[in-house]
Amino acid sequence: MKKCIESYHMFFPDRIFSILLYIVYPLIVWGILFIENIFVNNSYIILLTAPALVLFIECMADLFVFAGYAKKDSGRNEYLKTSVRYMQMLKRAFVSDIIRRILSILFIIFIVSSVLKAPFNISIFAAISVNFFITAALCILRFFDFFTAYYFITSIILLLYVVFCIIVFIRNLFILASIIMAVLSIFLILFHTSILFKAIKEGYYD
C-alpha cells in the first residue's frame, strides 16, 4: 500500500497539492455547505450541492495529475518515463487514484448526510452517482491536457449530473439508480483503464 501511495504522489505537481487534495478540498466543501445551510433551509438542496462540489473539484484536480494521459503523444512527466519502473508506478498510481477518490467521496458525503440526518438510500445514491459521473467525465477529460477543455467539459457533466439528480429525486428512483450506476461504474473503470494503458504503452514504447 505504501508503494502505491508513493507512486501516486510521484504524479503530483508538488507537495502542496497533497495538502490541497487531502485536507483543503474536503474543508472547502464542508465550508461552502455550512454557509449554504445558513441561507437555505432545505437539507435536500444542500445534500445535492455536496456531490456537485465534489464532482467539480475532483475533475478539475485531475488536470494536475493525469491530464492528457489518454493521448498517445502525451508529453506529461517525460522525466518519469526514463525509469524502467514507469509502467509499474503508473499502474499503482491509477489504482491509488481510484481508491483515494472513492474514500474521499464516502468520507465527504456521509459526514454531510450524518449532519443533515439524510435517509440512507439518498446518501448511498449521492455517493454512487457522483462517483459514476466523475468516472465518466475522466474518460473524456484525460484526452485533453489544458484548462479550458477541463473546465468546459466538467461544467457540462456537472449540469447533466444536477438534471439527473433532480429527475431521480422527483421519481424517487434512488435504489434502482444506485444499483445500475454501481454496476456501470465497475465496467466504466475497466473500460477506461484498458483504453488508457493502451495509449500509454503505445506512446511509451514508440
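Every residue, every condition in (1) over 28 Å from residue 148 (Cα atoms); (2) at pLDDT below 85; (3) in contact with a Leu (Cβ under 9 Å, 6 or more places away or on another chain), yes or no:
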| position | (1), (2), (3) |
| --- | --- |
| 14 | no, no, no |
| 24 | no, no, no |
| 66 | no, no, yes |
| 72 | no, yes, no |
| 83 | yes, yes, no |
| 89 | yes, yes, yes |
| 94 | no, no, yes |
| 98 | no, no, no |
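For the range 44-60, check the following and say yes or no: at least one residue is under 12 Å from the mean Cα position of the chain (by Cα), surrounded by fewer than 18 Cβ atoms within 10 Å (Cβ to Cβ) and either under 23 Å from residue 147 (Cα atoms) or at pLDDT 90 or above (or both). So far as the range 44-60 goes, yes, one or more of its residues are under 12 Å from the mean Cα position of the chain (by Cα), surrounded by fewer than 18 Cβ atoms within 10 Å (Cβ to Cβ) and either under 23 Å from residue 147 (Cα atoms) or at pLDDT 90 or above (or both).
Can you pull out the residues in the range 172-200 that are among the polar types (S, T, N, Q) and open to solvent by 40 Å² or more (accessible area, probe 1.4 Å)? Don't jump to the end; show me each part of the working.
Step one: list which residues in the range 172-200 are among the polar types (S, T, N, Q), which gives 172, 178, 185, 193-194.
Within the range 172-200, 172, 193, 194 meet the criteria.
Can you give me the number of residues within the range 7-47 that are assigned to a helix (DSSP H, G or I), touching a residue at least 60 places away in the same chain (Cβ under 8 Å) and more than 19 Å from residue 109 (Cα to Cα)? Residues in the range 7-47 being assigned to a helix (DSSP H, G or I), touching a residue at least 60 places away in the same chain (Cβ under 8 Å) and more than 19 Å from residue 109 (Cα to Cα): 3 in total. Do we have any residue at all in the range 145-160 that's touching a residue at least 24 places away in the same chain (Cβ under 8 Å) and either touching a Gly at 6+ places or on another chain (Cβ under 7 Å) or on the phi > 0 side of the Ramachandran plot (or both)? Taking every residue of the range 145-160 in turn, at least one turns out to be touching a residue at least 24 places away in the same chain (Cβ under 8 Å) and either touching a Gly at 6+ places or on another chain (Cβ under 7 Å) or on the phi > 0 side of the Ramachandran plot (or both).
A quick yes/no check of all residues on (1) under 19 Å from the mean Cα position of the chain (by Cα); (2) part of a loop (DSSP other than H, G, I, E, B); (3) of a type in the set (Lys, Arg); (4) within 30 Å of residue 35 (Cβ to Cβ):
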| position | (1), (2), (3), (4) |
| --- | --- |
| 127 | yes, no, no, yes |
| 130 | yes, no, no, yes |
| 134 | yes, no, no, yes |
| 140 | yes, no, no, no |
| 150 | yes, no, no, yes |
| 186 | yes, no, no, no |
| 191 | yes, no, no, no |
| 194 | yes, no, no, no |
| 199 | no, no, no, no |
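Within the option set 153, 134, 195, 180, being at pLDDT 95 or above and within 22 Å of residue 92 (Cβ to Cβ) holds for one residue only, 134.
Checking the stated criteria, residue 1 turns out not to satisfy the condition of being in contact with a helix residue (DSSP H, G or I) (Cβ under 6 Å, 6 or more places away or on another chain) and modelled with pLDDT under 85.
The values are calculated or read from the model by the stated rules, or taken from the named source; none is laboratory data. Keep in mind that what you see is a predicted model, and the values were worked out from it rather than measured. For neighbour counting, all protein chains shown are included, and Cβ atoms are generated from backbone atoms with ideal geometry for every residue, glycine included. Ligands, DNA and RNA are excluded from the accessible area calculation, which covers all protein heavy atoms including side chains. Shrake-Rupley method; radii C 1.70, N 1.55, O 1.52, S 1.80 Å.
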